[in-house]
1. Which whole-number value in Å² is the accessible area per residue of the stretch 66-211, probe 1.4 Å?
2. Out of the total accessible area of the stretch 1-135 (probe 1.4 Å, heavy atoms of protein only), what percent is carbon and sulfur?
3. Hey, what D do you get for the stretch 1-116 in µm²/s if you plug the Kirkwood alpha-carbon radius into Stokes-Einstein at 25 °C and 0.890 mPa s?
4. What's the ranking of 18-30, 48-60 by average number of surrounding C-beta atoms within 10 Å, highest first?
5. If I compute Cα extents along the principal axes in Å from the structure I just sent, which labelled value in [x] 46, 41, 32; [y] 62, 33, 30; [z] 55, 38, 34 lines up?
6. Give the carbon-plus-sulfur fraction of the accessible surface of the stretch 150-211 in %, rounded to a whole number; probe 1.4 Å, heavy atoms of protein chains only.
7. Within the chain, what percent of beta bridges assigned by DSSP are antiparallel, to the nearest 5?
8. Could you order peptides 187-198, 140-151, 167-178 by the average number of other Cβ atoms within 10 Å of their residues, highest first?
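The values are calculated or read from the model by the stated rules, or taken from the named source; none is laboratory data. Small disclaimer: the values here were computed from a predicted structure and weren't measured. Every residue, glycine as well, gets a Cβ built from its backbone with ideal geometry; the counts of neighbours run over all protein chains shown. What goes into the accessible areas is simple: the full protein's heavy atoms, side chains included, and nothing from ligands, DNA or RNA. Shrake-Rupley method; radii C 1.70, N 1.55, O 1.52, S 1.80 Å.
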Amino acid sequence: CKTTHPKNLSEQLEEIGYFDLIENKEKKKLVKEKIDIEFKNDENPYIGKNWFIIPNDDYISSVYNLSEYDNKSSTSDFKAFEIWGGGLLSGEFESTLESAKVVFEKNGLKLYWKDEKFEQTQNDIKHSIIINDKLYEVFKGTLSRYNMGQITYQYISRLREILNDVIENQNKGYRVILLTQPETVNFILLSTKELEKFKKIIEKCKNKIEE
């Protein structure tokens, strides 16, 4: 984030309540330090600095031997969870929902599912699932090596749409957004109030947001 703001990136995030769900004070301190270190890291010439890189929870817990080792989330903040587009297409849709479920429940949201159906006839795919008692069509179309990237993006976008519909049906003031990372993609769950402030912080970063 190229900013004249005197506060570190982690301090700006803390001001909007981004770390409020991290109960372990030592872990919160280490997560903030890691964010600021990566933000200033200019060693990789391909990506450079000025990225908000979300620390991996297993990394933080294991490297620093924290007593709170496994919170069942890929990140420590209970705001973000990693998305692997290729995995959504190759049998890991429900495991992605498992990651989302941890974040949702920590924020007082319900997320449960059943009856995932993935039907494939040659290159034609029909994928559906029932989430919170509502049937969703995830994807219906043709997949080939020529449109793999496009379909992967459609899967990621569709999952975000579904999760936001699930939230809307619970009359909760939250949104799931997509945040790009140098090598990965994260979904982030934020309250409406947090989101507007978060966007102002991130607009000065190299990360991109999709809503």
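1. Per-residue value: 53 Å².
2. 46
3. Diffusion coefficient, whole number: 155 µm²/s.
4. 48-60, 18-30
5. [z]
6. Looking at the stretch 150-211 in its full context, I get 45 percent from C and S.
7. Percent antiparallel among DSSP bridges in the chain is about 100.
8. The most tightly packed comes first, giving 187-198, 167-178, 140-151.
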